[in-house]
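The values are calculated or read from the model by the stated rules, or taken from the named source; none is laboratory data. No experiment lies behind these values; they were computed from the predicted model shown. Positions of Cβ are backbone-derived with ideal geometry, glycine not excepted, and every protein chain shown enters the neighbour counts. Surface areas here come from the heavy atoms of the whole protein model, side chains and all, with no ligands, DNA or RNA. Shrake-Rupley method; radii C 1.70, N 1.55, O 1.52, S 1.80 Å.
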Amino acid sequence: MARIAGVNLPTNKRVSIALSYIFGIGPANARKICNVVGIDVTRRVNQLTEDEIMRIRDTIDRDFNVEGDLRRDVAMNIKRLMDLGCYKGLRHRKGLPVHGQRTHTNARTRKGPAKAIAGKKKVTK
């Protein structure tokens, strides 16, 4: 089992797919890492040698901000916006959508489950 950046990579998946399990590495960056290291993207993780795993690990450490450091950076950026009191920071603080989405009917993911309004009855016909 390959362990890179504190993440256990699934052994039966292709290298490009398995690398995307690391926070901060998507499909495009995974292919870029495979090209830099010189690994065919169709190979499986269990077919990699220790030397290839070490080269992947070194490339990620050198060129990418991943996992804990990236999560900390994102959290600090959100905290900075909230401390500034700018519009995006206020939306984060209130738990509402930040990027201009509609909130009248949607946004249940950010707002949580719907709350019943007292005194509002269903009209029957």
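Considering only residues of the stretch 101-125 that are on the phi > 0 side of the Ramachandran plot and within 23 Å of the chain's Cα centre (by Cα), which is surrounded by the most Cβ atoms within 10 Å (Cβ to Cβ)? Result: Ala107.
Under the condition of being closer than 30 Å to Ile25 by Cβ and in contact with a Pro (Cβ under 8 Å, 6 or more places away or on another chain), the residues counted in the stretch 86-125 number 3. Among residues of the stretch 106-125 that are under 23 Å from Gly95 (Cα atoms) and assigned to a loop (DSSP other than H, G, I, E, B), those with a Cβ under 9 angstrom from a residue that is open to solvent by 90 Å² or more (accessible area, probe 1.4 Å) and at pLDDT 80 or above, sequence gap 6+ or separate chain, pair up as Ala107/Gln101; Ala114/Arg108.
Check the stretch 48-64 and report whether any residue there is at pLDDT below 95, part of a loop (DSSP other than H, G, I, E, B), open to solvent by less than 80 Å² (accessible area, probe 1.4 Å) and not hydroxyl-bearing (Ser, Thr, Tyr). First the steps, then the outcome.
Initially, the stretch 48-64 is screened for residues at pLDDT below 95, giving 48-64.
In the following step, the residues that additionally are part of a loop (DSSP other than H, G, I, E, B) were identified as 48-49, 64.
Okay, now just the ones that are also open to solvent by less than 80 Å² (accessible area, probe 1.4 Å), so 48-49, 64.
Applying the additional criterion that residues be not hydroxyl-bearing (Ser, Thr, Tyr) yields 48, 64.
Checked against the condition, which is being at pLDDT below 95, part of a loop (DSSP other than H, G, I, E, B), open to solvent by less than 80 Å² (accessible area, probe 1.4 Å) and not hydroxyl-bearing (Ser, Thr, Tyr), the stretch 48-64 yields at least one hit.
Here is a yes/no grid of residues against (1) open to solvent by less than 30 Å² (accessible area, probe 1.4 Å); (2) of a type in the set (A, V, I, L, M); (3) modelled with pLDDT of 90 or more; (4) touching an Asp or Glu at 6+ places or on another chain (Cβ under 9 Å):
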| site | (1), (2), (3), (4) |
| --- | --- |
| Ser16 | yes, no, yes, no |
| Ile25 | yes, yes, yes, no |
| Cys34 | yes, no, yes, yes |
| Ile39 | yes, yes, yes, yes |
| Asn46 | no, no, yes, no |
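Only one entry in Cys34, Cys86 is more than 16 Å from the chain's Cα centre (by Cα) and closer than 27 Å to Gly100 by Cβ, namely Cys86.
Just to be sure, is Asp83 among the acidic types (Asp, Glu), within 25 Å of Asn29 (Cβ to Cβ) and open to solvent by 80 Å² or more (accessible area, probe 1.4 Å)? Against the criterion (among the acidic types (Asp, Glu), within 25 Å of Asn29 (Cβ to Cβ) and open to solvent by 80 Å² or more (accessible area, probe 1.4 Å)), Asp83 does not qualify.
Looking only at the stretch 87-100, filter to residues that are in a loop (DSSP other than H, G, I, E, B) and open to solvent by less than 100 Å² (accessible area, probe 1.4 Å); which one of those is farthest from Met76 (Cα to Cα)? That would be Gly100. Looking across the stretch 1-14, the residues that are more than 15 Å from the chain's Cα centre (by Cα), surrounded by fewer than 21 Cβ atoms within 10 Å (Cβ to Cβ) and assigned to a strand (DSSP E or B) come down to Arg3, Asn8, Arg14. When Ala75 is tested against (1) in a helix (DSSP H, G or I); (2) open to solvent by 70 Å² or more (accessible area, probe 1.4 Å), only condition (2) is not met.
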